[in-house]
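**Student:** Before anything else, here's the structure in question.
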Amino acid sequence: MSTGENIFSILLIALATNLDNLCAAVALGIRQKRIPPAANLAIALISGIVALIASAAASFLLHYISVAGILGGVLIATMGVWTVASAFKRHVEENVQCERLGAKQTILLGCALAINCLPVAFGAGAAGLSCGLTGLFIAAFSFLCMELGALWGGRLGRNLKPVCVNVLSGGLLIILGVLQIFF
């Protein structure tokens, strides 16, 4: 893969793994819950660090597995299929009972959202994508998605359905996984 293709793949990963953040922030915004900038930054850092660690672990294993690119693509596509399937099995709705996120809620929400990054970042590392850029872009997209989601949430009201966000997120992961496998 060329550098441009790698960056495009990392951008897709960052976007796909943070659509849940967007959905969570929209849900908070709908309820007029405030996400302070420091809380948003903490959530972004948690996601970025988790992604960096998972990607680095896979990158380390890359030296021992000859089909790492295929394995990474399969992992990413599998996460996409799982995300799409789970969208139809349950409706995701965030229930935060505070006017603004406190430290405890920020850490819990950050960890919950970062879990989504683990297998995808691991797949990115196994596919040979830059661990540092993967972590950095995931953190940046986390911050942006939380900001935009909170802003849009107040405006969109109840028109945004979480199942649609999950299907879009999963679809992006499936496409990216297939691209990793075949290209």
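**Student:** Pull up segment 46-72, narrow it to residues that are of a type in the set (Ser, Thr, Tyr) and outside any helix (DSSP H, G or I), then point me to the one that is modelled with the highest pLDDT.
**Tutor:** Selected residue: 64.
**Student:** Assuming residue 134 fulfils every condition listed in (1) surrounded by fewer than 22 Cβ atoms within 10 Å (Cβ to Cβ); (2) modelled with pLDDT of 90 or more apart from one, which condition is it?
**Tutor:** Here residue 134 clears every test but (1).
**Student:** So, residue 94, is that one of a type in the set (Asp, Glu), out of contact with any strand residue (DSSP E or B) (no Cβ under 9 Å at 6 or more places or on another chain) and at pLDDT below 90 or not?
**Tutor:** Taking the combined requirement at face value, the residue satisfies it.
**Student:** So residue 124 ticks every box in (1) over 13 Å from residue 14 (Cα atoms); (2) of a type in the set (A, V, I, L, M, F, W, C); (3) modelled with pLDDT of 85 or more but one. Which box is left unticked?
**Tutor:** (1)
The values are calculated or read from the model by the stated rules, or taken from the named source; none is laboratory data. What you see is a predicted model; the values in this text were computed from it and never measured. A quick note on method: Cβ atoms are made from the backbone with ideal geometry, for glycine too, and the neighbour counts reach across all protein chains shown.
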